[in-house]
1. Within the stretch 58-67, is even one residue farther than 19 Å from residue 163 by Cα and surrounded by fewer than 19 Cβ atoms within 10 Å (Cβ to Cβ)?
2. Which one of the conditions (1) within 14 Å of the chain's Cα centre (by Cα); (2) farther than 13 Å from residue 18 by Cβ; (3) not in a loop (DSSP other than H, G, I, E, B) does residue 45 fail to meet, given that it meets all the rest?
3. Could you list all residues from the stretch 119-150 that are part of a helix (DSSP H, G or I) and either surrounded by 12 or more Cβ atoms within 10 Å (Cβ to Cβ) or of a type in the set (Lys, Arg) (or both)?
4. In the stretch 166-211, what residues are under 14 Å from residue 109 (Cβ atoms), over 15 Å from the mean Cα position of the chain (by Cα) and not in a helix (DSSP H, G or I)?
5. Would the stretch 215-228 turn up any residue that is touching a Lys or Arg at 6+ places or on another chain (Cβ under 7 Å), aliphatic (A, V, I, L, M) and modelled with pLDDT of 65 or more?
6. Of the residues 62, 16, 4, only one is under 21 Å from residue 173 (Cβ atoms) and touching a Ser or Thr at 6+ places or on another chain (Cβ under 8 Å); which?
7. Within the stretch 177-195, count every residue that is open to solvent by 10 Å² or more (accessible area, probe 1.4 Å) and under 22 Å from residue 30 (Cβ atoms).
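The values are calculated or read from the model by the stated rules, or taken from the named source; none is laboratory data. Since the model is a prediction, treat every value here as computed from it, not as a measurement. Neighbour counts are summed over all protein chains in view; Cβ atoms, including those assigned to glycine, are modelled from backbone coordinates with ideal geometry. For accessibility, only protein heavy atoms count, side chains too; no ligands or nucleic acids. Shrake-Rupley method; radii C 1.70, N 1.55, O 1.52, S 1.80 Å.
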Amino acid sequence: MAPKLHYVNSISASEKTVNKLLCLEVPVVGLTCKGINVGKKGTLTLIAVSTCEGDVYLFDTKAKPEIVLDGGLIRLLQSVEIVKVIHDCSQACANLHFSFGVTLKNYFDTQTAGSVILESIGLPPRRIAFDSLCKRYNIDRYIPDPQLQSRIKSDMNYWGLRPVTKAMLNVAASEVLPLVPDLYDIIQQQLSPEWLDWFDCRSEETRLMYISPKKAKDIQCSRVHHDNRDRRYLFQTPAPMMSRDNLPYVRDTVPDKHSLYDEV
């Protein structure tokens, strides 16, 4: 069944949408944030939210920034009852924090989860791109044509262009639809129960990475200090040094060095 895209660009429409999302039968949504240099000093222009039923709600925060606070989107983002599944939350969390004073709560970061899964089987923590993660688990998703891909990469203001085009909505939707239920279900099943506390620790570290580098660094130092198996050496282990049997787990990944704690 084709996904249903809903464009939201008014406070009243946002309020109705948020109320609907807060009452989902399956309290899990996918989340992605698009914008111009998304991060501490960036601008969020479009926030996409997907449901397990295949609906995608695209909140235009450039046309109506008030959507986040007055439109109630903050209620969804800070809800402790709705799980927000996101791939690499660090920059989005920083933008939400510094632009709107929003703290993302009850989130499930697929980037961090993938790294922890590697650690749980004795491999170094590594990072994987969203496209590669979808390919690894054979999850189909819409891929823009090469010309559009090139434009998105070359034009840093692409997500700030208005009016919003159908192509923009399709691309944003393609980055949030695979998150739920597919990626969430698969990755959640691969996280061993005994590693959940570690995952929570790593997730908080990721969330704070650009909000408070010092706090993130303190969390990193604390978890390394208290872990019986010092993981610092893992950050230095290149993929070619791993055994042949382990290479499928780290294909298309890069070292997770956690070296992003300088103020930006």
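1. Of the residues in the stretch 58-67, the ones farther than 19 Å from residue 163 by Cα are none.
No, there is no match, as no residue in the stretch 58-67 is farther than 19 Å from residue 163 by Cα and surrounded by fewer than 19 Cβ atoms within 10 Å (Cβ to Cβ).
2. (1)
3. Initial filter on the stretch 119-150 (part of a helix (DSSP H, G or I)): 119-120, 130-136, 146-150.
Once the filter is applied, which keeps residues that are part of a helix (DSSP H, G or I) and either surrounded by 12 or more Cβ atoms within 10 Å (Cβ to Cβ) or of a type in the set (Lys, Arg) (or both), the stretch 119-150 yields 119, 120, 130, 131, 132, 133, 134, 135, 136, 148, 149.
4. 191
5. Here is the first cut: in the stretch 215-228, the residues touching a Lys or Arg at 6+ places or on another chain (Cβ under 7 Å) are 224.
Restricting the remaining residues to those that are aliphatic (A, V, I, L, M) gives 224.
Then keep just the ones that are modelled with pLDDT of 65 or more; that gives none.
No, because not a single residue in the stretch 215-228 is touching a Lys or Arg at 6+ places or on another chain (Cβ under 7 Å), aliphatic (A, V, I, L, M) and modelled with pLDDT of 65 or more.
6. Being under 21 Å from residue 173 (Cβ atoms) and touching a Ser or Thr at 6+ places or on another chain (Cβ under 8 Å) holds for just one of 62, 16, 4, which is 62.
7. Step one: of the stretch 177-195, the residues open to solvent by 10 Å² or more (accessible area, probe 1.4 Å) are 177, 181-182, 184-186, 188-195.
This time we only want the ones that are under 22 Å from residue 30 (Cβ atoms), so: 177, 181-182, 184-186, 188-191.
The total comes to 10.
Every residue, every condition in (1) at pLDDT 95 or above; (2) within 18 Å of residue 8 (Cα to Cα); (3) not hydroxyl-bearing (Ser, Thr, Tyr), yes or no:
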{"residue": "57", "(1), (2), (3)": "yes, yes, no"}
{"residue": "71", "(1), (2), (3)": "yes, yes, yes"}
{"residue": "79", "(1), (2), (3)": "yes, no, no"}
{"residue": "85", "(1), (2), (3)": "yes, no, yes"}
